[in-house]
Amino acid sequence: MTKNHILGLDIAQTTAVAQLDRADGTRCWRELLPTNQAGWQSLERLCAAAGATWATTRVLLEATGVYHLPWAERLTRAGAEVYVLNPLLAARLQSAANALREHKTDHVDVHRLCEAGRLYADQLGRFRYRPEPDRQGLKQLDHARATLRTTLTNLRKSLRSQLELVFPALLEAKIGPYTEQAAAILAAAPTAGLWRARPSAERRRLAGAKQAALDHACAQTLADEALAQACVPAVRALLGGQQAIRLQLEACDQQIAPRLPAARVALIRSIPGFGERTAAVLAVYLPAGFANWGKSKHITARLQALFGIDPRLRQSGQWTGRVKISKRGIGAARTALFQAAFCSLATDPENAAYYQALRQGDGPHRRPKAHKEAIVDVMRKQLRRLVSVLLANQPFVAKSPLAA
């Protein structure tokens, strides 16, 4: 259906700037609306007064965290054709009127959205918004898990820092501070003085083969016992926080697992290098309907760009900059691909041989590649395998005896 109007929406936490243009670029109105039910009703009245119906209106929104999602859902249910643009893309599709000045205001942003909808309508198909509440909920749950995992990492760093003051002998004895053994030792005797006061049989039960090393480290430590004991509550607080976060992570995993497409996860895990977690992440972030993007190589290229492992070229005249990956797009999926590629070097002889060939520069006109460059090439190979497996809907089968 022909679109007679273009609506641009730049949505923040409490307000939204809306602009309605006709298809020829003539502005109908631009208003500041609250992001609540009253704002939605005002938007409907303004569009109706200008003769715009949802069926004949193309709506462009800038992706702004989670603020744009309720509007995108409401507009789609109302019958509008909704497109959600990445802010970086929207910024680069700027008009000639602002190209030199590069003003950055909500009014400029919303005008740019309308202009993009008018000038690039035929190229916006991949940004079309499609309601997927279950998929969006799964993404948010994975975001929550990532936040918890980051918090756990920070707690572990803080614990190690505290142990340097309170019980450095534990670290000197090569007892991992994040293990169950370390937690048991810290619960019973969190300082060198308290450890030496424990009976030998109890020390042997807690430290096992590391008892002698821990006893020796405690005898040699310079840690002040009074200061160490004063800081024990901080150590126990960090231990308690770690335990709580671990339980929350387990709860997240238990909620994520049944919501994943089990068949897709199984196919991904058939590829050497992909484990339970990395396969789950890819299953969450692979776009719905990607199989309809064209040929296998085109799908792979677009997924590379989506996950940020596509090459970023910089060249001008005789100068050529260093080629790096763009690191745009979905960081969680990029990390999962890196982990799968790295693990495959130990579990997949074919990928290991491929990596070594890249490092040594085997073949004509090849230069030896650095470790990171070679790993990125292995990541792209893993992505090609993933696309092939999912398109064929068959588990991975090695093409050579090396990868069997």
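Structure notes:
- Fraction of beta bridges assigned by DSSP in the stretch 5-131 that are antiparallel (%, nearest 5): 60
- If both residues of a DSSP beta bridge must be in the chain, then about 65% of such bridges are antiparallel.
- Helix-derived mean residue ellipticity, 222 nm - over the chain, DSSP H n ≥ 4, -39500 (n - 2.57), to 500: -18000 deg cm²/dmol
- Fewest-first ranking of Leu46, Leu155, Leu20, Leu227, using other Cβ atoms within 10 Å as the exposure measure: Leu227, Leu46, Leu155, Leu20
- Sites Ala353 and Ala219 - FRET efficiency at Förster radius 56 Å, r taken between beta-carbons, to 0.05: 0.65
- In nm, spacing of pseudo-spin labels at Asn86 and Glu73 (7 Å Cα→C-beta vector): 2.5
- Ranking of Leu282, Leu383 by neighbouring Cβ atoms within 10 Å, starting from the fewest: Leu383, Leu282.
- Value of Rg to Rh for the chain (Rh from inverse mean 1/r over Cα pairs, i.e. Kirkwood): 1.09
- Selected from Leu119, Gly241, Ala352, residue furthest toward positive end of dipole (the chain; charges at beta carbon): Ala352
- Efficiency of FRET between Leu141 and Arg236 - r from beta-carbon atoms, R0 30 angstrom, step 0.05: 0.50
- Dipole magnitude for the stretch 5-131: computed about the Cα centre from +1 point charges on Lys and Arg Cβ and -1 point charges on Asp and Glu Cβ, it is near 160 debye.
- With R₀ fixed at 22 Å, the C-beta to C-beta distance from Arg149 to Ala370 puts the FRET efficiency at about 0.20.
- Entries in Lys157/Lys327; Lys295/Lys327; Lys327/Lys372 that, when Cα-Cα distance is taken, lie over 18 Å: Lys157/Lys327; Lys295/Lys327
- Simple label model, 7 Å out from Cα along Cβ direction - Asp362 to Ala288, nm: 4.4
- Here the stretch 273-402 is assigned +1 on the Cβ of each Lys and Arg and -1 on the Cβ of each Asp and Glu. Its dipole about the Cα centre then comes out at about 560 debye.
- Inter-label distance for Gln229 and Leu391, nm, one decimal - labels placed 7 Å from Cα along Cα-to-Cβ: 7.0
- Partner lysines for Lys210 [C-alpha distance under 17 Å; skip if fewer than 8 residues away on the same chain]: Lys174
- For Glu132, Glu350, order by how many other beta-carbon atoms lie within 10 Å, fewest first: Glu132, Glu350
- Sequence-separation-based contact order of the stretch 261-403, relative, with Cα cut under 8 Å and 6+ spacing, percent: 31
Each value in this text was obtained by applying a stated rule to the coordinates, not by laboratory testing. Bear in mind that the values here come from a model prediction, so they are computed numbers and not experimental data. Here the Cβ is made from the backbone with ideal geometry for all residues, glycine too, and neighbour counts use every protein chain on show.
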